[in-house]
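Every number here is computed from the coordinates shown, using simple stated rules; none is lab data. Computed from a prediction, not measured in an experiment: that's the story for all the values here. No Cβ is skipped: glycine too gets one built from the backbone with ideal geometry, and neighbour counts run over all protein chains shown.
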Amino acid sequence: MTYQTIQQAAQTRRSIYALNNTLPLPEKEVAEIVRHAVLHTPSAFNSQSTRVVVLFGGEHKKLWQFAEDALRAIVPADKFEPTQQKMNGFKAAAGSVLFFEDQTVVKGLQEGFPGYAANFPVWSEHTNAMHQYAVWTTLTAADIGANLQHYNPLIDQAVAQEWDIPESWTLRAQMVFGGIAAPAGEKSFEPLENRFKVFGL
């Protein structure tokens, strides 16, 4: 398989919602993509506070059944059809990546470096976001589609119980991935002159 460059992957990375469970490479290689990102993504003070769980097949479907069950409890039955379709779309994918932050690590840094205590929760979120982006762009480079969801805290308890998640791990995001059944639509861009400045050239 020919992988894209980092810049190509960044450019082609999109939120792909039309996913199927046919991956262009073996599940073990997908797991290795995520493992590599966990190992090599930077973190403040080299804290390595991000925790990641990868779910395939039936385990992946369990996650989205938990989300469906939680949503049924709060969405009126006569308005649930769009939500049902969304959940079915997630279940049809090949897997999910769960991103957590270990609050024990964050609190330890706050205690060890009290002068930065207020910053560590913020830097922890930065670290988690970098892991999400690293996984997403690398999946893109391997021609795997993905989209990012945030059903926490609705599903936190079910997730923790089902997969024996430590109490100190806080769920931050869920990335659904799979084969690309249909590409994303056109992406619009805000003018760069409003978002980008260079000085000294």
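SER49: of a type in the set (Ser, Thr, Tyr), in contact with an Asp or Glu (Cβ under 6 Å, 6 or more places away or on another chain) and buried (at least 17 other Cβ atoms within 10 Å of the Cβ), yes or no? Spelling it out, SER49 is indeed of a type in the set (Ser, Thr, Tyr), in contact with an Asp or Glu (Cβ under 6 Å, 6 or more places away or on another chain) and buried (at least 17 other Cβ atoms within 10 Å of the Cβ). Can you name the residue in the stretch 152-201 that is buried (at least 19 other Cβ atoms within 10 Å of the Cβ) and of a type in the set (Phe, Trp, Tyr) and, of all such residues, is farthest from GLU29 (Cα to Cα)? For the stretch 152-201, the residue satisfying everything is TRP169. Here LEU63, LEU109, LEU98 are screened, and the one residue that is surrounded by 14 or more Cβ atoms within 10 Å (Cβ to Cβ), outside any loop (DSSP other than H, G, I, E, B) and touching a helix residue (DSSP H, G or I) at 6+ places or on another chain (Cβ under 6 Å) is LEU109.
Could you please tell me which pairs satisfy a Cβ distance under 9 Å, a separation of 6+ or placement on different chains, a first residue in the stretch 142-153 that is free of Cβ contacts under 8 Å to residues at least 60 places away in the same chain, and a second residue that is buried (at least 18 other Cβ atoms within 10 Å of the Cβ) and among the basic types (Lys, Arg)? Hits for this filter: HIS150/ARG172; ASN152/ARG172. For ARG14, the criteria (1) more than 21 Å from HIS150 (Cα to Cα); (2) in contact (Cβ under 8 Å) with a residue 60 or more places away in the chain hold in every case but one, which is (1). Residues of the stretch 12-33 being over 24 Å from LYS86 (Cα atoms) and of a type in the set (A, V, I, L, M, F, W, C), which ones? Answer for the stretch 12-33, where residues must be over 24 Å from LYS86 (Cα atoms) and of a type in the set (A, V, I, L, M, F, W, C): LEU25, ALA31, ILE33.
Hey, can you tell me all the residues within the stretch 8-27 that are part of a strand (DSSP E or B) and either over 10 Å from GLY179 (Cβ atoms) or not aliphatic (A, V, I, L, M) (or both)? Don't jump to the end; show me each part of the working.
First, pick out the residues of the stretch 8-27 that are part of a strand (DSSP E or B): 15, 19-20.
Scanning the stretch 8-27 gives SER15, ASN20.
Quick one: in the stretch 10-46, of everything that is within 16 Å of GLY89 (Cβ to Cβ) and of a type in the set (A, V, I, L, M, F, W, C), which residue is surrounded by the fewest Cβ atoms within 10 Å (Cβ to Cβ)? So that I can check it myself, show each step before the final result.
First, the residues of the stretch 10-46 that are within 16 Å of GLY89 (Cβ to Cβ): 14-22.
Checking which are of a type in the set (A, V, I, L, M, F, W, C) leaves us with 16, 18-19.
On the way: ILE16: 22, ALA18: 16, LEU19: 24.
Within the stretch 10-46, the match that is surrounded by the fewest Cβ atoms within 10 Å (Cβ to Cβ) is ALA18.
If you check ASN152 against the conditions, is it over 17 Å from GLN48 (Cα atoms) and assigned to a loop (DSSP other than H, G, I, E, B)? Yes, satisfied.
Restricting attention to the stretch 28-60, report how many residues are among the aliphatic types (A, V, I, L, M), over 30 Å from PRO114 (Cα atoms) and not in a helix (DSSP H, G or I).
Residues flagged as among the aliphatic types (A, V, I, L, M), over 30 Å from PRO114 (Cα atoms) and not in a helix (DSSP H, G or I) within the stretch 28-60 amount to 3.
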